[in-house]
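To keep things clear, I will list the structure first and then write my remarks on it.
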Amino acid sequence: MKINIAATKTNLLKSKKLLSLTKEGHNLLDEKRRILVNELTAIVHIVDRLQREVDTALKEAYGLMDKTIVVMGRKRLEELSFSIDIKTRLSISERRVMGVSLPLIDLNIQENPPYYSPYNVSFYVDEVIKRFKEVLKLITQLAEKKIALIRIAKEVQKTIRKVNALEKIYLPFYADSVKYISDRLDEDAREAFSMLKLIKERIRQ
């Protein structure tokens, strides 16, 4: 690497300070990268598990819905659905991990049963309602983790780029600068010493 800097003690001290700060910054970023990668790995496993649970819950809920339709008929079930008053409310907050904002999504299901007379209504209806409420809760958890996954993945990419830049560009540059200036100063000191010795010898003559 070509060094274009004056070989002075001031520049040597400056380069040593920049090298020290760059090493410290590299260590901090590398630690951040490690923590984020661990967090990312953990969330990937959670997302994978939640996705399977959502798929299974949806399959079971719709399967139960089909049974209910067979027992009661589609028209009767649609009429009952209009009497069901269930409201959902999402509250979103955040937590921070190594400077990354991760969502915390809370699902609040508000209901006021009973919605209909149990007379001439299959018990499947209550079970369908229960199953789909569980599906909503799982989907909320999955959404929370998927958003976190995307944000952490982006931050990991940025952090890795910074770590690589420090390792491949800045650290070698400052290390080479320190070595170059130190070598030049040592060489100048040796030349000055040799010159001084030569002058003393000529004075004695």
(Q) Scan region 130-149 and tell me whether some residue there is farther than 23 Å from residue 52 by Cα, buried (at least 17 other Cβ atoms within 10 Å of the Cβ) and touching a residue at least 24 places away in the same chain (Cβ under 8 Å). (A) no
Q. What tally of residues in region 14-39 results from selecting those that are within 24 Å of residue 159 (Cβ to Cβ), surrounded by fewer than 17 Cβ atoms within 10 Å (Cβ to Cβ) and in contact (Cβ under 8 Å) with a residue 12 or more places away in the chain?
A. 6
Q.
I'd like to check something: does region 98-111 contain any residue that is exposed (fewer than 11 other Cβ atoms within 10 Å of the Cβ), part of a strand (DSSP E or B) and either more than 17 Å from the chain's Cα centre (by Cα) or modelled with pLDDT of 90 or more (or both)?
A. yes
Q: Among the residues of region 80-92, count how many are open to solvent by 60 Å² or more (accessible area, probe 1.4 Å), in a strand (DSSP E or B) and not aliphatic (A, V, I, L, M).
A: 3
Q: Name, by its number, the condition in (1) surrounded by 17 or more Cβ atoms within 10 Å (Cβ to Cβ); (2) modelled with pLDDT of 90 or more; (3) among the aliphatic types (A, V, I, L, M) that does not hold for residue 77.
A: (2)
Q.
Take the residues in region 112-127 that are aromatic (Phe, Trp, Tyr) and outside any loop (DSSP other than H, G, I, E, B); name whichever of them is modelled with the highest pLDDT.
A. 124
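The values are calculated or read from the model by the stated rules, or taken from the named source; none is laboratory data. Everything quoted here is computed from the prediction, not taken from an experiment. Note that each Cβ is placed from the backbone with ideal geometry, even for glycine, and that neighbours are counted across all protein chains shown. In case anyone asks, the SASA skips ligands and DNA or RNA and just uses the protein heavy atoms, side chains included. Shrake-Rupley method; radii C 1.70, N 1.55, O 1.52, S 1.80 Å.
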